[in-house]
Amino acid sequence: MDKPDVALAKKISKYNQPMQLTQPLPRVQKNLWQLGVLPIMMLGALSSLIGVYWDIAWHIDIGRDSFFTMPHNFIYAGMLIVLLTTAWGLFADTRATSFHWRVAGRYLHPGMLVATVSAALILFFAPADELWHRFFGLDVTLWGPMHLVGLTGFTFFTLSGVLVSWLEREVAPLELKPLFERLTLFFAAALLGNLMLFLAEYEYNIAQFPIDFHPLLLSALSVFPLVLIAKIHPRAWAATKVALLFTAIRLVMHLWLSTTEGMNLAGVSKPVFPILILTAVLIDLLVKKMPTWLLGSSAAVVTLLVGFVVNQIFPQMTWTLPVLLRGSLAGIILAALVALLATRVARILEPKAI
Amino acid sequence: MRFWYLLLVFCCLSSPARAASLYGTLKLEPKNGVLQAELRFSQILSNQLLVWMWQPRQNGWQERRSLPVEPSLEGQETVYRFQTPVREAGQWYIRTTLGAGQAAYIGFSQPYIDPKDSGSSFVFLKNSFAETVPAYVQPVGYAVYALVALFAVGLTALVLRRLEQRT
């Protein structure tokens, strides 16, 4: 029997020892999903949509009894959490990517800057709206000046969600790119939801402004998120997925309104929601085949046709012929311009660096 | 800041209020299950009239019909005509809105409508916002909103412009 090779055994045992680090490994910098900012922004986008529709139902059937109603508390608490999270995210995100801005020795994420300012705008709107009502009484329209400040804040907040998730995709490793692509779809659906929120008075059938604005804004505003996502997203049927997700969100909201009504925590009014799936299918099919302005106008025509059919099935919402002619013509022209704007934004968001 | 705040409050309280009422006559004439309605004002108006009709027993305002009605001029009078199906006798709520948003005149009547009988009633359209608030408040409010919107659009445009320049 051979003698054991002591020298070899020593060598092996040396290699079996845990590795001793001579210097610390570089700290892995977390992205905004890992920091927890994007999940909170997702919840914020969803809760703002549900909260505002809940609030409108409350105002219609119960009234504006006080500032601290349940829907108000729901919206403002949600947006306060979002504001704190996005403001923290601005400082916690220490990466220096191609899109971060160097300001006073720090790197700021531009999308997070828009998100923080938008959330601050929404929280500014709460006391401003209360003061407005105390000074001037209860105005009965969603398009009152202070209400519009809030709606604008919600819209830019969800647009910032699209920017943040899309920019994160740009610098994410390959295995994380699908996550950020899905997040971009979600925020595009939330953006579509917030743009449709401007039409809530028509959806609830309590219009305070001429009905002409309904077909006009419905056909024009819906074009922006759908064309934008169809232009930037690498996967097929992106606009259709956004329209389906938007429909799912509206169904969840309907369920929420029914549940709160059952618990005597909301009014009985429910909004009729727009069907935009066919519009999105058309955009997906023709996005690479026709000029942008024509794509926008064609999408508007489909939205108007579907809206007209829905109008026949649910006759509460009456688009008369003069209303349809005036609103549609303006809507088709505006949709062409909105599609051009969406294309311009899509070009800016095209990936520049991997 | 305190000065501007006090100036705004002073301006709001010192300016006279706008006209706050309109009067019209609503004629209702049911014919073969359809209610023919006519709202007549003794002055020239150009706004679209929004009419909401529903019955109190209906579950929720989503049951309401909203009708946009265009004006037609007859001499110095403005007439709005609209119709809606009525199958059985009962209490109705009719809400009429003339003008837009906070500048709107809103009327509310509760006629008992019988598909066999005609009737008429007096409609009083009121702008409660105009009763107490000076006329310039609404334009100033929208101007403030325009500034806020401009700020939001400007910030986003700036962000996009900087993003465009990234390498």
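Structure summary
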quantity	calculated
Within region B:120-136, considering residues that are away from chain A (no Cβ under 12 Å) and of a type in the set (Phe, Trp, Tyr), the one farthest from the chain's Cα centre (by Cα)	B:PHE122
Any hit, region B:73-85, residues being within 14 Å of chain A (Cβ to nearest Cβ) and within 27 Å of A:HIS133 (Cα to Cα)	no
Counted residues, region B:99-134 - those being open to solvent by less than 10 Å² (accessible area, probe 1.4 Å) and either among the β-branched types (Val, Ile, Thr) or at pLDDT below 85 (or both)	10
Selection from region A:259-306 of residues that are in a loop (DSSP other than H, G, I, E, B), under 25 Å from the mean Cα position of the chain (by Cα) and not β-branched (Val, Ile, Thr)	A:ALA266, A:SER269, A:LYS270, A:PRO271, A:PHE273, A:PRO274, A:LEU276, A:LYS288
Selection within region A:71-100 - closer than 27 Å to A:GLU350 by Cα and touching a Phe, Trp or Tyr at 6+ places or on another chain (Cβ under 7 Å)	A:THR94, A:ARG95, A:ALA96, A:HIS100
Residue list for region A:86-133, filter: in a loop (DSSP other than H, G, I, E, B), under 15 Å from B:VAL159 (Cβ atoms) and open to solvent by 20 Å² or more (accessible area, probe 1.4 Å)	A:THR97, A:SER98
3 or more residues aromatic (Phe, Trp, Tyr) and more than 12 Å from every other protein chain (Cβ to nearest Cβ): qualifying helices (runs of 4 or more DSSP H) within region A:149-258	A:177-197
Residue list for region A:258-270, restricted to those being under 27 Å from A:SER222 (Cα atoms) and open to solvent by less than 10 Å² (accessible area, probe 1.4 Å)	A:SER269
Residue check for A:VAL309: within 25 Å of A:PHE273 (Cβ to Cβ), over 21 Å from the mean Cα position of the chain (by Cα) and either assigned to a helix (DSSP H, G or I) or modelled with pLDDT under 95 (or both)	yes
Residues located in region B:69-91, provided they are open to solvent by less than 40 Å² (accessible area, probe 1.4 Å) and modelled with pLDDT under 85	B:THR84, B:VAL86, B:GLY90
Yes/no for A:LEU43 being touching a helix residue (DSSP H, G or I) at 6+ places or on another chain (Cβ under 7 Å) and at pLDDT 75 or above	no
Conditions (1) open to solvent by less than 30 Å² (accessible area, probe 1.4 Å); (2) modelled with pLDDT of 95 or more; (3) not hydroxyl-bearing (Ser, Thr, Tyr): number failed by A:PHE156	(1)
Residue satisfying all of: in region B:146-167; within 7 Å of chain A (Cβ to nearest Cβ) and either open to solvent by 40 Å² or more (accessible area, probe 1.4 Å) or touching a His at 6+ places or on another chain (Cβ under 6 Å) (or both); farthest from A:PHE136 (Cα to Cα) among these	B:THR167
In region B:86-118, residue nearest to the other protein chains (Cβ to nearest Cβ) [restricted to those that are aliphatic (A, V, I, L, M) and under 28 Å from A:LEU142 (Cα atoms)]	B:ALA100
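The values are calculated or read from the model by the stated rules, or taken from the named source; none is laboratory data. Computed from a predicted model, the values in this text were never measured in an experiment. All Cβ positions, glycine included, derive from the backbone under ideal geometry; neighbour counts span all protein chains shown. Please note that ligands, DNA and RNA were not included when accessible areas were found on the heavy atoms of the full protein model with its side chains. Shrake-Rupley method; radii C 1.70, N 1.55, O 1.52, S 1.80 Å.
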